[in-house]
Amino acid sequence: MIEISNLEKSFGSNQVLKGVSCTLETGKCNLLLGGSGTGKSVLLSCIVGLQKPDIGSITFDGTVYTNAKVGIRQEIRRKIGMLFQGSALFDSMTVAQNVDFPLQMLTPDMSAEERRDRVEFCLKRVGLENAGNKMPSDISGGMKKRVGIARAIAPNCTYLFCDEPNSGLDPATSIKIDELIYEITHEYNITTAIITHDMNSVVGIGDHIIFLHQGKKLWDGTKEEILNAEVPELREFIFSSSLVRAAKRVEEEDGPQGLEQLAQEPLSEL
Ligand SMILES: Nc1ncnc2c1ncn2[C@@H]1O[C@H](COP(=O)(O)OP(=O)(O)OP(=O)(O)O)[C@@H](O)[C@H]1O
Ligand SMILES: [Mg+2]
């Protein structure tokens, strides 16, 4: 569990985070939801330690990260897997070399053979067992995301952070990537945080959703609760999506079962 308490962050006179407190739950997909410019990426950067918050604290499973000694920070960072927007693969390396890279960096005790087994295992887990020798330029956007996920989980991460994992993907591929992240999160009990403004993801994999608006957390809850949330800014956000209007209609007509069924299908087909 990651506990974020009263986080504030400004850039010059622009106060981006205005006292955000929230919890990222273990073994769940925690979605950071909100419009453009609301501070989602800045919050994630603070959590993974790329930015330093001005005020507030971040605690990883009871260990305070903010202002901790270098050794403690490194120890926590070692447990963090990151799926970057646009996958950010190394273009000059094969798929297998990309997945091997963090193992080389982070697990010096592993033998070459152990690393090879781990790479093979992770590529198989994301459905790419035959793609190890391919170059990133030779695979599709969805496959690149899969490689990014394999690379993120290769060193057995405890925490997984994904910045807009669906950006640039078609709706059907997006759902497959969401499902993969969801399965891996539950299978390995990872604390996963996913930045998104995709309502498909919300109704599909939102175990715990945190809604940010203008640098503040205005609501948090589950995918079952979100469609009936009473926060006006959140309602405006979700109902501006025609897909969600359609989902709401299904819920009204068929109840929660209809919604569950819908989560199995691409909403865009409505
Ligand atoms: N390194 C930085 N220096 C100065 N300002 C920054 C920096 N990073 C982010 N900001 C500002 O912080 C605000 C929030 O940005 P952020 O990238 O967190 O938004 P976001 O919610 O992730 O939006 P999007 O959905 O478009 O990715 C913006 O006004 C942005 O200009
Ligand atoms: Mg962002």
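Quick notes on this one:
- Against the test of being within 16 Å of ligand 2 (Cβ to nearest atom) and either of a type in the set (S, T, Y) or under 30 Å from P136 (Cα atoms) (or both), the options L17, L32 yield a single qualifying residue, L32.
- Selected residue (only one of R78, R118, R146, R151 is surrounded by fewer than 19 Cβ atoms within 10 Å (Cβ to Cβ) and among the basic types (K, R)): R78
- Any hit, region 35-46, residues being within 30 Å of F121 (Cβ to Cβ), surrounded by 19 or more Cβ atoms within 10 Å (Cβ to Cβ) and within 16 Å of ligand 2 (Cβ to nearest atom): yes
Here's the yes/no breakdown for (1) under 30 Å from V147 (Cβ atoms); (2) of a type in the set (D, E, K, R); (3) touching a residue at least 12 places away in the same chain (Cβ under 8 Å):
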site	(1), (2), (3)
T192	yes, no, yes
H197	yes, no, yes
D207	yes, yes, yes
Q214	no, no, yes
W219	no, no, yes
E225	no, yes, no
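- The selection criterion, being touching a residue at least 24 places away in the same chain (Cβ under 8 Å), buried (at least 18 other Cβ atoms within 10 Å of the Cβ) and away from ligand 2 (no atom under 16 Å from the Cβ), holds for L24.
- Within region 121-141, being part of a helix (DSSP H, G or I), surrounded by fewer than 20 Cβ atoms within 10 Å (Cβ to Cβ) and among the hydrophobic types (A, V, I, L, M, F, W, C) holds for one residue alone: F121.
- Flag for G148 being in contact (Cβ under 8 Å) with a residue 60 or more places away in the chain and in contact with a strand residue (DSSP E or B) (Cβ under 6 Å, 6 or more places away or on another chain): yes
- Pairs, first over 21 Å from I2 (Cβ atoms) in region 157-178, second within 16 Å of ligand 2 (Cβ to nearest atom) and of a type in the set (S, T, Y), C-beta under 8 Å, six or more apart: N166/T196; N166/S201; S174/S201
- Of the set (1) in contact with a His (Cβ under 9 Å, 6 or more places away or on another chain); (2) free of Cβ contacts under 8 Å to residues at least 12 places away in the same chain, all apply to R235 but (1).
- The set of residues in region 161-179 that are of a type in the set (A, V, I, L, M, F, W, C) and either within 16 Å of ligand 2 (Cβ to nearest atom) or in contact with a helix residue (DSSP H, G or I) (Cβ under 6 Å, 6 or more places away or on another chain) (or both) comprises F161, C162, L169, I177.
- Of the strands (runs of 3 or more DSSP E) entirely within region 1-84, those holding at least 1 residues that are within 13 Å of ligand 1 (Cβ to nearest atom) and in contact with a Leu (Cβ under 8 Å, 6 or more places away or on another chain) occupy 2-11, 14-24, 29-33.
- Scan of region 170-198 for residues that are among the acidic types (D, E), surrounded by 16 or more Cβ atoms within 10 Å (Cβ to Cβ) and modelled with pLDDT under 90, ordered by number: D198
- The residue pairs whose first member lies in region 74-87 and is farther than 11 Å from R151 by Cα, whose second member is aromatic (F, W, Y), and whose beta carbons are closer than 6 Å, counting only pairs six or more residues apart or on different chains, are I76/F60; I76/Y65; K79/Y159; I80/Y159.
- Subset of region 89-103 (residues that are in contact with a helix residue (DSSP H, G or I) (Cβ under 8 Å, 6 or more places away or on another chain) and surrounded by 14 or more Cβ atoms within 10 Å (Cβ to Cβ)): L89, M93, V95, A96, N98, V99, D100, F101, P102, L103
The values are calculated or read from the model by the stated rules, or taken from the named source; none is laboratory data. Nothing here was measured: the structure is a model prediction, and the numbers come from that model. In this analysis, Cβ positions are derived from the backbone assuming ideal geometry, glycine residues included, and neighbour counts consider all displayed protein chains.
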